[in-house]
Amino acid sequence: MIPEPEGSKGTIRVLQLYPRDMNIYGDWGNALVLQQRLRWHGYTPELLEYNVGDDFPAGVDLIVGGGGQDSGQLVIQDDLQARGAVLKDLAEDGTPMLVICGLYQLFGKFFKTHTGSVIPGIGILDVETHGTDERLIGNVKVSTPEFGDVLGYENHSGQTTLGPGVAPLGTVAKGTGNNSGDGHEGARYRNVVASYLHGSLLPKNPAVADFLIRTAVERKFGTFVPGKPDDDYARLAREYAARRPR
Ligand code: GLN
């Protein structure tokens, strides 16, 4: 535990899952945004990392996980299975989580890669993913009911279909999203936000970051007292990202 600076409204422990093997297109930036926005809101961030073979930390308030190559997903698969029950309990209990691309797939039932390997998921999300020979690559804009337009970048061979136990994060206005068929992007279940979007996601989508922070703070301290984040760069990044061609 780090000592709490004077005036802090409290400490929020943010755990990043498998940053060594699951961290592409700057997904680590999601943890940095949470760290900075927590400070702006007056809370003390404590950033933790969990990699294959580590002890799983206690008292985690918020979890983020990034994308990875199929090879990275194969590296973490056994360890993730061993941690599946604890992660599922945390998700069911309402812990806010953001999982991107490769970990989105493995929070689902399974990912069958384009070479036919089946990587089991931990079944928090009622989704399944099938790799194809087509890679879905490019800039994406998603219309969401909760967060307005969500902007990011996708690069995946896996195509994900949602079961009845989850809702999509939103509908693609530009790009492909979950699969080339139904126009959905991402998944929502309890306080888990799952998305294919890298970029990283949170620097351009502060509404998603603040949802995760507010949820973590309310669960821990009862009420969230927001501060005054500086959203100028986020606004500029959003404007720029929205103008980018596919
Ligand atoms: N390896 C997975 C796929 O290609 C996930 C890719 C990613 O995380 N960007 O579908």
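Residues that are closer than 21 Å to N30 by Cβ, part of a strand (DSSP E or B) and open to solvent by 60 Å² or more (accessible area, probe 1.4 Å) do not occur anywhere in the stretch 94-112. Taking the criterion of being of a type in the set (A, V, I, L, M, F, W, C) and open to solvent by less than 20 Å² (accessible area, probe 1.4 Å), the residues of the stretch 30-45 that qualify are A31, L34, L38. For the stretch 35-53, does any single residue satisfy the condition of being away from the ligand (no atom under 14 Å from the Cβ), under 18 Å from V193 (Cβ atoms) and either part of a loop (DSSP other than H, G, I, E, B) or among the acidic types (D, E) (or both)? No, because not a single residue in the stretch 35-53 is away from the ligand (no atom under 14 Å from the Cβ), under 18 Å from V193 (Cβ atoms) and either part of a loop (DSSP other than H, G, I, E, B) or among the acidic types (D, E) (or both). Within the stretch 132-172, the only residue that satisfies the criterion of being within 11 Å of the ligand (Cβ to nearest atom), β-branched (V, I, T) and open to solvent by less than 10 Å² (accessible area, probe 1.4 Å) is T160.
No other residue among G227, G175, G199, G183 is open to solvent by 10 Å² or more (accessible area, probe 1.4 Å), modelled with pLDDT under 95 and either within 14 Å of the ligand (Cβ to nearest atom) or touching a Gly at 6+ places or on another chain (Cβ under 8 Å) (or both) apart from G199. Here the stretch 113-127 is the region considered, the condition is being assigned to a strand (DSSP E or B) and more than 13 Å from the ligand (Cβ to nearest atom), and the residue that is most open to solvent (accessible area, probe 1.4 Å) is V118. Here G29 qualifies as within 16 Å of the ligand (Cβ to nearest atom) and modelled with pLDDT of 95 or more.
Residues that are open to solvent by less than 10 Å² (accessible area, probe 1.4 Å) and near the ligand (Cβ under 8 Å from one of its atoms) were ranked within the stretch 57-71; the one that is farthest from N155 (Cα to Cα) is G66. For the stretch 56-78, a tally of residues being touching a residue at least 60 places away in the same chain (Cβ under 8 Å) and part of a helix (DSSP H, G or I) returns 1. Considering only the stretch 8-20, I want to know if a residue exists there that is among the charged types (D, E, K, R) and either within 16 Å of the ligand (Cβ to nearest atom) or in contact with a Cys (Cβ under 8 Å, 6 or more places away or on another chain) (or both). Yes, the stretch 8-20 has at least one match.
Here is a yes/no grid of residues against (1) within 20 Å of V60 (Cβ to Cβ); (2) out of contact with any strand residue (DSSP E or B) (no Cβ under 8 Å at 6 or more places or on another chain); (3) not in a strand (DSSP E or B):
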site	(1), (2), (3)
T129	no, no, no
V140	no, no, no
V150	no, no, no
T160	no, no, no
T171	no, no, no
G177	no, no, yes
P203	no, yes, yes
D210	yes, yes, yes
I213	yes, no, yes
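State yes or no: is L74 within 14 Å of the ligand (Cβ to nearest atom), surrounded by fewer than 17 Cβ atoms within 10 Å (Cβ to Cβ) and at pLDDT 95 or above? In short, yes.
The values are calculated or read from the model by the stated rules, or taken from the named source; none is laboratory data. Note that this is a predicted model, so its numbers are computed, not measured. Glycine gets a Cβ as well: all are built from the backbone with ideal geometry, and neighbour counts include every protein chain shown. When the accessible area is computed, the model is the full protein with side chains, heavy atoms only, and any ligands, DNA or RNA have been set aside. Shrake-Rupley method; radii C 1.70, N 1.55, O 1.52, S 1.80 Å.
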